[in-house]
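Inspection log for the structure reproduced underneath, given as structure tokens.
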Amino acid sequence: MVPEALWKWAQIKGVTVVGTGDFTHPAWLKELSEKTEPAGDGLLKLKKEFEANDVPSSCSANVFFMLSSEISTIYRKNGKTRKVHSIIFVPRVADALHLNLALSKIGNLNADGRPILGLDAKELLRIVLDVCPGALFVPAHAWTPHFSVFGAVSGFDSLEECFEDLTPHINAIETGLSSDPSMNWRLSALDRLTLISNSDAHSPAKMGREANILDTDISFEAITHAVSTGQGFLGTIEFFPEEGKYHYDGHRACGVNLTPDETIRQGYLCPVCGRKVTVGVLHRVNRLADRACGFRPDGAKPFYSLIPLPEVLAETLGTGGASKRVDAEYRRLIHQLGNELRILMDAPLNDIERAGSPLIREAISRIRKGEVHIVPGFDGEYGKIKIFETRERKQLKGQATLF
Amino acid sequence: MTDIETRILAGLNESQREAVTAIDGPLMVIAGPGTGKTLTIVRRIAYLVHRGAHPGSILAVTFTNRAAQEMRGRTGAFLGKAAGGVFIGTFHMLGLAIIRDNKPGDLTVCTREEQVKLLKTVLDDPGRKAEEAADSMSRFKNLLEDGNEKMRALYDRYQAALRSKDLLDLDDLILTPMEMLSDHALLQRYRDRFRHIIVDEYQDINPAQYRFLRLLAGDGGNICVVGDADQAIYAFRGADVTNFLNFEKDLPGARRITLSHNYRSTAVIVNASDAIIEKNAQRIERTLSPVKKGGVPITIASVPDERAEGEFIVSEIEARIGGTSHYRLMNARSGDLGPDATFAFSDFTVIFRTNAQAEALGEVFRTSGIPYQIIGGRYQGKRKDIAEIADRIREYAAGDGVTTLTGTARSHSCIMEVLEGLAAGGKDPFYLSLYDLMRFHIAEGNIRTIDDCLNMLSLLTPLDDFDALADCVTLTTLHGAKGLEFRVVFITGAEDGLIPYSLRDGQDDREEERRLFYVGMTRAKEELFLLHARSRALYGRNTAPLLSSFVRDIPEVFTRTVALKDRARKRHKKQMKLF
């Protein structure tokens with residue numbers, strides 16, 4: 001990964017402000033500080049000399065970087081092993097350096113972009129606030145079973161249990177791929193928080209699978225203020241939660257996929273091998289929720305569930321997501337219609353049909369209406385999406401050739 | 001019994017109670033591993049105060065600053081304010097306090113580097129001779145060597161050079177107070193002051209410290225020594241187990257109490273380690289009964305080489321923590337532990353015989369991302385840093401005219417400015433920790449002057465590197481593991497040559513090595529792993545060591561054996577033949 005790739009793909013995807021990730025990694029931070037410059041107002045921008053000219057003009061836009069990093073804390077609290085991931089945003093390279101210095105006393109920052117610290121998440125928050133009072137601290141993918149603040153395996157039942165007197169400094173949580181805002185609305189304890197959505201991108205082409213929609217100035221302070229208060233925070237772009245790796249419960253090794261109710265009936269044991277099943281996000285939400293399904297609190301922000309365009313194309317073409325045909329089609333659409341988020345959310349369906357095909361038009365229309373079939377993910381296995389039944393696709397294809 | 005007494009004696013077993021309440025006359029407490037030694041000492045201090053002893057009349061000597069800190073913390077928690085008057089510290093801190101009380105003016109404790117520098121001028125030889133001279137001066141001062149005429153001559157010149165610069169070396173912190181106490185009136189004053197003396201880790205004190213102690217205690221005074229001859233592991237530093245064995249001879253009428261219940265380890269670990277230490281001839285017979293029954297067997301793991309050794313340990317830790325990342329979780333051998341897991345990184349330690357083994361282990365941990373710290377490992381490096389920092393502070397103070405050291409506030413700002421500069425500019429987290437440490441000491445009132453700070457720096461011992469706040473896996477030598485305990489212990493290099501150590505000439509004290517291994521084993525509360533690499537590169541040589549003879553002494557009922565296969569070599573594909 002290089003900053004140039006982030007810059008390029010942010011434009012193709014339609015992301016204006018992109019988290020750098022991994023600022024705790026000394027080598028990455030060094031590269032960032034060499035290739036970017038302050039854009040003023042606590043964000044960074046790529047230096048002119050590193051801007052390549054391979055971005056389609058239809059997507060060309062300004063891109064800003066926000067220094068971010070995810071940290072894994074593994075520790076014991078109240079007699080249990082806890083593993084909580086948190087995301088930290090800071091305004092300046094100097095803040096990142098300062099924080100790294102403080103954290104290097106505690107753990108090894110060089111091994112991984114997401115360092116592991118044997119530190120109470122609350123103490124991490126305290127250190128972050130000490131070192132950089134303006135920083136934004138957000139519990140990451142708050143519901144994943146193994147590595148999150150509410151995780152079934154090694155998380156807590158409430159933010160207070162984790163952060164105690166520092167809880168007021170937590171103003172947002174990341175919903176993660178396997179949950180969406182409507183699931184989080186079922187916990188009244190979360191009403192005061194902004195539900196944000198980010199997607200870490202291990203490869204730049206996966207950027208923007210989830211994102212936040214803001215109407216603010218483009219500055220660190222304005223963005224963190226919007227995230228902390230909800231003012232100017234318009235909503236989020238989400239995965240269909242069923243597509244996430246831990247939506248349902250189950251046991252991957254045995255291929256057993258269970259709904260929360262089935263899990264309870266099975267006594268939390270895998271019906272094939274008898275080992276404990278991994279309890280997923282939906283189950284965990286059910287457990288902690290104090291409201292019924294479908295409750296929508298006042299002032300809740302809207303959200304838009306999307307399927308990444310390459311997956312949509314793969315299904316319409318009947319190939320795998322990484323195929324050459326998908327790649328070619330993707331490029332063509334981007335060139336003609338603009339960035340991916342625009343295509344998925346805003347582009348007129350007629351334009352999509354003209355640039356693509358009636359089948360793609362229908363697929364995107366269905367996504368916008370939420371009419372997709374998904375086999376939910378479980379125990380680390382992504383969910384499987386189906387926009388069309390096989391028969392349907394043939395039918396629709398046939399129609400297309402008639403006219 | 002009064003309420004206070006009940007509280008002091010609460011939760012103690014019979015022998016602990018005896019050790020707490022036997023406050024008249026000399027006492028020797030034999031405290032095997034996990035027998036509640038610190039608890040007993042803390043309660044004894046409380047009992048003394050309860051029985052009317054002035055807190056200031058109690059002197060508790062510990063082996064390391066770390067131990068002193070723990071004891072101070074626990075005594076404070078139990079006694080509250082009254083604990084403040086009790087002197088709890090190392091021999092060196094005690095010596096420094098006596099010197100400071102009686103010798104007005106400035107003095108500075110020099111570091112080993114400064115000592116060597118000075119000896120280079122004294123000897124007029126810039127080479128390595130000064131290093132050797134520093135060693136022999138230390139042996140001479142610790143009464144380990146009588147010394148010939150030449151040595152005494154060097155000693156005189158060396159001491160004169162130290163004095164001319166108002167310097168003391170570390171050994172002077174014992175020697176100088178002893179000289180001072182040859183003044184009878186002064187000695188009497190200290191004997192009147194320290195009416196109750198408690199010495200922790202008594203088995204490890206050296207002859208000079210022993211004499212210092214005898215001097216302070218007088219004959220038949222209220223001296224209580226606590227220790228375990230089976231854990232004497234500092235013969236190379238002049239600590240002598242016979243000191244301990246001779247206590248009763250030197251102080252007739254001394255009482256002996258043996259703490260006999262081990263609260264730390266499972267029965268398997270207690271019995272297995274007993275079976276080993278019983279083979280030593282030089283010891284005081286004692287039995288240790290485990291309070292925790294049963295336990296999982298000790299794992300003897302045979303691995304192909306030192307890298308596999310580290311990887312085995314990392315995977316065992318991950319199996320207990322339940323995976324440290326999604327990637328590892330998906331590849332874990334034993335899967336996830338589920339919500340019942342209770343481990344944290346600080347529950348694990350990896351123990352080795354020599355610092356040379358730390359590198360390969362550290363490398364495996366570095367790539368794994370598991371937080372770890374090596375204690376005592378970077379001693380040389382740190383010592384050098386400390387010498388440089390001391391120099392800087394001195395220069396800075398001289399430039400600022402603070403050398404006369406009257407203004408406390410000015411001294412503080414001078415110290416903090418130097419350290420802050422280092423902490424901000426340096427990439428080494430060490431400076432930052434040092435900065436924090438000094439800030440702590442200033443806040444606590446332990447540092448008033450520049451000299452206090454310099455002395456504090458000199459007193460930092462390698463065993464004090466341990467940071468109790470950082471939750472991480474501890475990598476340490478067997479020596480550094482003394483006094484610590486962990487739920488899971490991995491002893492690496494359980495091989496002949498390393499355990500017992502016999503790779504260098506003139507170091508083959510089998511009994512001492514056995515005690516060292518015993519100390520390592522008895523650190524474990526729940527699980528113990530003994531690792532044997534079938535091939536090991538050490539000191540630039542490839543060896544094929546055998547399983548340690550000490551390990552072979554463990555009765556089989558207490559062990560289980562795991563053998564990891566050799567790494568698969570790239571097989572030459574056999575050419576397919578048509579016929």
Over segment A:125-169, the set of residues surrounded by 21 or more Cβ atoms within 10 Å (Cβ to Cβ), within 26 Å of A:Leu67 (Cβ to Cβ) and among the β-branched types (Val, Ile, Thr) is A:Val128, A:Val138, A:Thr144, A:Val149
Scan of segment B:1-36 for residues that are surrounded by 23 or more Cβ atoms within 10 Å (Cβ to Cβ), part of a helix (DSSP H, G or I) and either in contact with a Leu (Cβ under 7 Å, 6 or more places away or on another chain) or polar (S, T, N, Q) (or both), ordered by number: B:Gln16, B:Ala19, B:Val20
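For segment A:340-403, list the helices (runs of 4 or more DSSP H) that sit wholly inside it and hold at least 2 residues that are in contact with a helix residue (DSSP H, G or I) (Cβ under 8 Å, 6 or more places away or on another chain) and at pLDDT 90 or above; which are they? If you could, list the steps in order and put the result at the bottom.
Working: elements: A:340-345, A:349-355, A:358-369, A:390-402.
Result: A:340-345, A:349-355, A:358-369.
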Which residue is surrounded by the fewest Cβ atoms within 10 Å (Cβ to Cβ), if the candidates are limited to segment A:12-33 and must be within 21 Å of the chain's Cα centre (by Cα) and among the charged types (D, E, K, R)? A:Asp22
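For the structure I just gave you, tell me whether B:Leu173 is in contact with a strand residue (DSSP E or B) (Cβ under 8 Å, 6 or more places away or on another chain) and outside any loop (DSSP other than H, G, I, E, B). Explain how you work it out, then say what you get.
Details: in contact with a strand residue (DSSP E or B) (Cβ under 8 Å, 6 or more places away or on another chain): yes; outside any loop (DSSP other than H, G, I, E, B): yes.
Considered against the rule, which asks whether it is in contact with a strand residue (DSSP E or B) (Cβ under 8 Å, 6 or more places away or on another chain) and outside any loop (DSSP other than H, G, I, E, B), B:Leu173 comes out as yes.
Can you confirm whether B:Phe343 is modelled with pLDDT of 55 or more, surrounded by 15 or more Cβ atoms within 10 Å (Cβ to Cβ) and within 14 Å of chain A (Cβ to nearest Cβ)?
Numbers: modelled with pLDDT of 55 or more: yes; surrounded by 15 or more Cβ atoms within 10 Å (Cβ to Cβ): yes; within 14 Å of chain A (Cβ to nearest Cβ): yes.
Yes.
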Is it true that A:Asp157 is within 14 Å of chain B (Cβ to nearest Cβ) and either under 30 Å from A:Tyr268 (Cα atoms) or part of a loop (DSSP other than H, G, I, E, B) (or both)? yes
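State all residues of segment A:45-68 that are of a type in the set (A, V, I, L, M, F, W, C) and over 30 Å from A:Leu333 (Cβ atoms); if no residue qualifies, say none. Working first, answer last.
So in segment A:45-68, the residues of a type in the set (A, V, I, L, M, F, W, C) come out as A:46, A:50, A:52, A:55, A:59, A:61, A:63-67.
Correct list: A:Leu67 only.
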Scanning segment A:345-375 for residues that are of a type in the set (Lys, Arg) and surrounded by fewer than 18 Cβ atoms within 10 Å (Cβ to Cβ), the one farthest from A:Phe303 (Cα to Cα) turns out to be A:Arg354
Any residue in segment B:130-149 that is touching a helix residue (DSSP H, G or I) at 6+ places or on another chain (Cβ under 6 Å), without any contact (Cβ under 8 Å) to a residue 12 or more places away in the chain and either of a type outside the set (Val, Ile, Thr) or surrounded by fewer than 19 Cβ atoms within 10 Å (Cβ to Cβ) (or both)? yes
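A quick yes/no check of all residues on (1) buried (at least 20 other Cβ atoms within 10 Å of the Cβ); (2) modelled with pLDDT under 90; (3) within 14 Å of chain A (Cβ to nearest Cβ):
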| position | (1), (2), (3) |
| --- | --- |
| B:Leu259 | yes, no, no |
| B:Asn262 | yes, no, no |
| B:Val270 | yes, no, no |
| B:Ile277 | yes, no, no |
| B:Ser289 | no, no, no |
| B:Glu311 | no, no, no |
| B:Ser334 | no, yes, yes |
| B:Val350 | yes, no, no |
| B:Ala356 | no, yes, no |
Across (1) under 20 Å from B:Ala97 (Cα atoms); (2) surrounded by fewer than 20 Cβ atoms within 10 Å (Cβ to Cβ); (3) at pLDDT below 85, B:Ala185 clears everything bar (3)
Condition test on B:His479, is it under 16 Å from the mean Cα position of the chain (by Cα) and not hydrophobic (A, V, I, L, M, F, W, C)? yes
Requiring at least 1 residues that are over 25 Å from the mean Cα position of the chain (by Cα), the helices (runs of 4 or more DSSP H) wholly within segment B:233-314 are B:247-250, B:267-277
Would you pick out the residues in segment A:74-102 that are closer than 18 Å to B:Asp471 by Cα and either among the basic types (Lys, Arg) or within 9 Å of chain B (Cβ to nearest Cβ) (or both)? A:Ile74, A:Tyr75, A:Arg76, A:Lys77, A:Gly79, A:Lys80, A:Thr81, A:Arg82, A:Lys83, A:Leu101, A:Ala102
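Yes or no, residue by residue, for (1) without any contact (Cβ under 8 Å) to a residue 60 or more places away in the chain; (2) under 16 Å from A:Phe89 (Cβ atoms); (3) out of contact with any strand residue (DSSP E or B) (no Cβ under 8 Å at 6 or more places or on another chain); (4) of a type in the set (A, V, I, L, M):
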{"site": "A:Lys8", "(1), (2), (3), (4)": "no, no, yes, no"}
{"site": "A:Val15", "(1), (2), (3), (4)": "no, yes, no, yes"}
{"site": "A:Val18", "(1), (2), (3), (4)": "no, yes, no, yes"}
{"site": "A:Glu31", "(1), (2), (3), (4)": "yes, no, yes, no"}
{"site": "A:Thr36", "(1), (2), (3), (4)": "yes, yes, no, no"}
Unique match (being surrounded by fewer than 22 Cβ atoms within 10 Å (Cβ to Cβ), over 24 Å from A:Gly250 (Cβ atoms) and out of contact with any Phe, Trp or Tyr (no Cβ under 7 Å at 6 or more places or on another chain)) among A:Arg331, A:Arg275, A:Arg287: A:Arg331
Residue in segment A:117-130 that is at the interface with another protein chain (Cβ under 10 Å from one of its Cβ atoms), touching a strand residue (DSSP E or B) at 6+ places or on another chain (Cβ under 7 Å), over 29 Å from A:Arg192 (Cα atoms) and not in a loop (DSSP other than H, G, I, E, B) present: no
Please work out which one of (1) at pLDDT 65 or above; (2) within 14 Å of chain A (Cβ to nearest Cβ) is the condition B:Asn455 fails and give its number. (2)
Starting from segment A:82-108, keep only residues that are free of Cβ contacts under 8 Å to residues at least 24 places away in the same chain, then list their pairs with residues that are part of a loop (DSSP other than H, G, I, E, B) and basic (Lys, Arg) whose Cβ atoms are within a distance under 9 Å, requiring at least 6 positions of separation or different chains. A:Leu101/B:Lys427; A:Ser104/B:Lys427
Taking segment B:74-97 and keeping residues in a helix (DSSP H, G or I), buried (at least 21 other Cβ atoms within 10 Å of the Cβ) and among the aliphatic types (A, V, I, L, M) leaves B:Ala83, B:Leu94, B:Leu96
Can you tell me which residue in segment A:121-148 is modelled with the lowest pLDDT, limited to those that are aliphatic (A, V, I, L, M) and in contact with an Asp or Glu (Cβ under 9 Å, 6 or more places away or on another chain)? A:Val131
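Would you call A:Arg114 surrounded by fewer than 24 Cβ atoms within 10 Å (Cβ to Cβ), within 9 Å of chain B (Cβ to nearest Cβ) and in contact (Cβ under 8 Å) with a residue 40 or more places away in the chain? Before the answer, list the steps.
Working: surrounded by fewer than 24 Cβ atoms within 10 Å (Cβ to Cβ): yes; within 9 Å of chain B (Cβ to nearest Cβ): yes; in contact (Cβ under 8 Å) with a residue 40 or more places away in the chain: yes.
Yes: the conditions hold for A:Arg114.
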All but one of (1) in contact with a helix residue (DSSP H, G or I) (Cβ under 8 Å, 6 or more places away or on another chain); (2) more than 30 Å from B:Glu179 (Cα to Cα); (3) not β-branched (Val, Ile, Thr) hold for B:Gln203; which doesn't? (2)
Look at segment B:162-209 and say how many of its residues are of a type in the set (Ser, Thr, Tyr) and either touching an Asp or Glu at 6+ places or on another chain (Cβ under 8 Å) or over 30 Å from B:Ala133 (Cα atoms) (or both). 1
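Mind telling me which of the residues A:Leu306, A:Leu269 ends up being aliphatic (A, V, I, L, M) and within 23 Å of A:Ile385 (Cα to Cα)?
Numbers: A:Leu269 fails: within 23 Å of A:Ile385 (Cα to Cα).
From the options A:Leu306, A:Leu269, the qualifying one is A:Leu306.
The values are calculated or read from the model by the stated rules, or taken from the named source; none is laboratory data. Quantities reported herein were computed from a predicted structural model and do not represent experimental measurements. Every residue, glycine among them, receives a Cβ derived from its backbone with ideal geometry; neighbour counts consider all protein chains shown.
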